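The values are calculated or read from the model by the stated rules, or taken from the named source; none is laboratory data. Because the structure is predicted, anything quoted here is derived from the model rather than measured. Note that we place each Cβ from the backbone using ideal geometry, even for glycine, and neighbour counts take in every protein chain shown. Only protein heavy atoms, including side chains, enter the accessible area calculation; ligands, DNA and RNA are left aside. Shrake-Rupley method; radii C 1.70, N 1.55, O 1.52, S 1.80 Å.
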Amino acid sequence: MPSEFEIIARFFTRRTSHTVLGVGDDGALIAPTTGQELVISTDLLVEGTHFLADADPEALGWKTLAVNISDLAAMGAQPRWALLAAVLPAPTADWIDAFARGFFACADSHDIDLIGGDTTRGPRAFCVTIFGEVPAGKALRRDGAKAGDSIWISGRPGRAARGLAHLQGRTRLAEPELSDCLTALHRPQPRVALGLALRGIASAAIDVSDGLLADLGHILEQSKRAARLQIPNLPAAGLERDCLLAGGDDYELLFTAAPGSDKDIAALAGKLGLPLTRIGEIIAGPPGDLVLRDDSGSVIAPARRGYDHFL
């Protein structure tokens, strides 16, 4: 087993492209771009809660960074720098090498510098703190939704939760659906290009990590608005519907925009090659109130809205 400092030097020390001083000192030095605001976020991934004990380390390395990048995408920010803190139970060099390979593959795909962090021994967990830049006053926030705005979701949410349900034995998926859902679970694709393109279009945005309904609820509460949803092709009641509405782990972007932007958003979907689906509208009403109807117009009362670590 490599030592703590061998792990840092061998697996997590690399040349940086836009950092004054990176890994190797007591702290990093960065120089934010003039006219840009810093966007900072952090996420913790814990074995048994966020990933399974037998998770593929390369895929886990990718996901550890990707879920953090997704937070910046939801704010219309360009990712720049990341810190990684890792808790590892007697890791082998091969395991760490695979994890680092996945982590840096994700970092390279978004031109992110790893600028520091920490390692210690204990139950496996990873914490990333990520920094990005956005032009001053242009960040997408959760508190800007207005009555009359359309509600949109990117991609095909629900697949990651269905992949997890398969691994947990709660359903059985066949190929090619199984591979599709497991890829969505293990290698989420942060929607950075979409977030950047939504500057000046979206009135509010959030990434879907805990469940579509739960995360929409955060926009409604922050914006002091209510919503009316009628999701196209809503699955029949059961596990597939629950995964779509409350499963989480999608890391798609949920956003609102003025109805006059519908044509621009449709054009954006074509430009990015990414499905963007209108699923409802913001209405005046008690903050957080949400009415969901099926394709026939009947009101649906989901059993749950999303994941909560303490419920």
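Observations, loosely collected:
- Shape category assigned to the chain from the gyration tensor of Cα positions, a/c cut at 1.5: oblate
- Partner aspartates and glutamates whose Cα lies under 19 Å from the Cα of LYS271, excluding those fewer than 8 positions away in the same chain, are identified as GLU252, ASP262.
- Rounded Å value of the spacing that divides the Cα centres of region 111-151 and region 27-76: 7
- Rounded to the nearest whole Hz, the Karplus-based 3J(HN,Hα) values (6.51 cos²θ - 1.76 cosθ + 1.60, θ = phi - 60°) of region 190-196 follow the sequence x, 8, 5, 4, 5, x, 5, with x at glycine and proline.
- Charging the Cβ of each Asp and Glu at -1 and of each Lys and Arg at +1, and nothing else, the dipole of region 176-311 about its Cα centre rounds to 440 debye.
- Per residue, the solvent-accessible area of region 122-214 (1.4 Å probe, heavy atoms of protein chains only, all protein chains present) comes to 39 Å².
- Per-peptide average of other Cβ atoms within 10 Å, ordering 97-105, 23-31 highest first: 97-105, 23-31
- √(5λ) per eigenvalue of the Cα gyration tensor, region 108-154, largest first, Å: 34, 17, 11
- Shape class for region 181-248: oblate, because the ratio a/c of the largest to smallest gyration tensor axis (alpha-carbon atoms, square roots of eigenvalues) is 1.5 or more and b/c is at least a/b.
- The C-alpha atoms of region 80-182 occupy a region whose extents along the principal axes are 55, 45, 24 Å, arranged from largest to smallest.
- Ordering GLN230, SER209, ALA160 by Cα displacement along the dipole of the chain toward the positive end leaves GLN230 in first place; charges were set at the Cβ atoms of Lys, Arg (+1) and Asp, Glu (-1).
- Dipole magnitude of the chain, debye to nearest 20 (Cβ charges: Lys/Arg +1, Asp/Glu -1, about Cα centre): 740
- Surface composition of the chain: carbon and sulfur make up 52 percent of the accessible area, probe 1.4 Å.
- Among PRO287, VAL299, THR277 - extreme Cα towards positive end, dipole of region 262-311, charges at beta-carbon: THR277
- Against the empirical curve 2.2 N^0.38 Å, the C-alpha radius of gyration of region 110-257 lands at a ratio of 1.18.
- Calculated mean residue ellipticity, 222 nm, the chain: -9500 deg cm²/dmol, from DSSP H runs (n ≥ 4) at -39500 (n - 2.57) each, averaged per residue and rounded to 500.
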